[in-house]
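Colleague: Shown below is the structure under consideration.
The values are calculated or read from the model by the stated rules, or taken from the named source; none is laboratory data. Please read all numbers here as calculations on a predicted model, not as lab measurements. Counting neighbours? That spans all protein chains shown, and the Cβs are built from the backbone with ideal geometry, glycine included.
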Amino acid sequence: MKIAELKTKINEYEVRMKAISDTEDMTDELRTEFDGLVSNRDSSRKDLTRAEAAEAINLQTVEREVEEVEEVEETSIAQRWAEAFKTYATRNVLEEEFVGPTGGMLIPTELRADPLLTSTDTAVVKKVVGAPSVKGAGGLEWLAAIGVTMDSGLTANYVLPATSSADVGFVTEGGDSSTANVAIASVTLAARMLGGNQGVSRQLLAQTNPDLLAGVLGAIDKKMGAAIVEDAFTQAAADAASSIDTTAVTTGTYQNLLNMDSSILVEMTNPAYVMSKATLNYFRTVAGISNISPAINDTPGGPYVLDTPVYTHPLLTSGRIYLMETADMHVGLWGNEEIIIDPYTSKKSGKIEFQILRLLDTGFADARSIVIKDVSIA
């Protein structure tokens, strides 16, 4: 019985006991009832004492569990990963939480001079050290932001089929309809390895904090992401070689941008111009419609060519412009990044090397939804 119910029962017993005791003519029946009420009240009081003791135990248990949860939450994934990294590097023991599908150590998405030594910067061995400033060109996040399709969790080759337009026509009475002649072309994504190597000293590993290690990994992650961007546009040019406009252009003009749009004859749901920052800034100086506005306008939410958004990446080739259906650009990912520890190669110098690896491939699904143009921006 619940504590509140027991208290209610006890109160009811005592109210009835008082009513009986106030009776002037006490009968044998009332005496018997009174004695029964006393017995029931005392029994309920004992039950109440037991219930309150059990409740106190439950509260103590809950408090301990909350404290344990809070203690676990206070240990961030970055801290747990850093400690697991040290264990992996020094004892070759990999914590189950971070085991990757190929036997390496998974790098959580929260983490993102060679060799790195304590002598590189004496400040980094202190326990209180801020997270490093990690700068770099955009990577996977940038590709996702412009609408590129991310195919994650792949386990085998991934085929991107595309169908060409069908042949149809009006049929005369008694005549035969046209043969549709639908053809299917495809681009296949096959896992390729992308990686980067970094060395750290055992002294730094033992003395520094997780933020610094996360910064090192973040720098490598950004460089790998930028390499994926470069590869995606290189592959797009290879997969859609027929869509490269080879017409010679001495100086880039607004009309070049419009002609690119005119050359695409399929429906585009999320079109975008993509170019280097230098190319964007060049077209900001080129006259647009009726020489009134620049070719690329920076209205709120811009830049735009008319109403088509323009995205830039500093590592793209200057003067090369892509107008494409961004969803037709694909990045295939075979799992997360993994890290492989090598404590042996540089053991004489007390260094530990780690290799960050990722399986991926890029491709462009349909050559009809992209046009590539090279212009001079000199």
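Colleague: Can you tell which of LYS277, LYS351, LYS347 is of a type in the set (D, E, K, R) and at pLDDT 90 or above?
Modeller: Unique residue meeting the criteria: LYS277.
Conditions (1) hydrophobic (A, V, I, L, M, F, W, C); (2) in the same structural domain as THR163 (by TED's automatic domain parsing); (3) within 25 Å of THR234 (Cβ to Cβ), marked per residue:
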position: THR250; (1), (2), (3): no, yes, no
position: TYR254; (1), (2), (3): no, yes, no
position: ALA272; (1), (2), (3): yes, yes, yes
position: LYS277; (1), (2), (3): no, yes, yes
position: ASP298; (1), (2), (3): no, yes, no
position: GLY302; (1), (2), (3): no, yes, no
position: VAL310; (1), (2), (3): yes, yes, yes
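Colleague: From the list ALA367, ALA327, which residue is at pLDDT 90 or above, within 27 Å of TYR158 (Cα to Cα) and surrounded by fewer than 19 Cβ atoms within 10 Å (Cβ to Cβ)?
Modeller: ALA327
Colleague: In the stretch 25-55, what residues are polar (S, T, N, Q) and surrounded by 12 or more Cβ atoms within 10 Å (Cβ to Cβ)?
Modeller: ASN40, SER43, SER44
Colleague: Among the candidates ILE20, ILE77, which residue alone is over 29 Å from SER349 (Cα atoms), surrounded by 10 or more Cβ atoms within 10 Å (Cβ to Cβ), at pLDDT 80 or above and touching an Asp or Glu at 6+ places or on another chain (Cβ under 9 Å)?
Modeller: Working: ILE77 fails: at pLDDT 80 or above.
Unique residue meeting the criteria: ILE20.
Colleague: Separate question: Given the criterion in a strand (DSSP E or B), more than 24 Å from the chain's Cα centre (by Cα) and closer than 30 Å to ILE289 by Cα, identify the matching residue among ILE377, ILE321, ILE352.
Modeller: Details: ILE377 fails: in a strand (DSSP E or B); ILE352 fails: closer than 30 Å to ILE289 by Cα.
The conditions single out ILE321.
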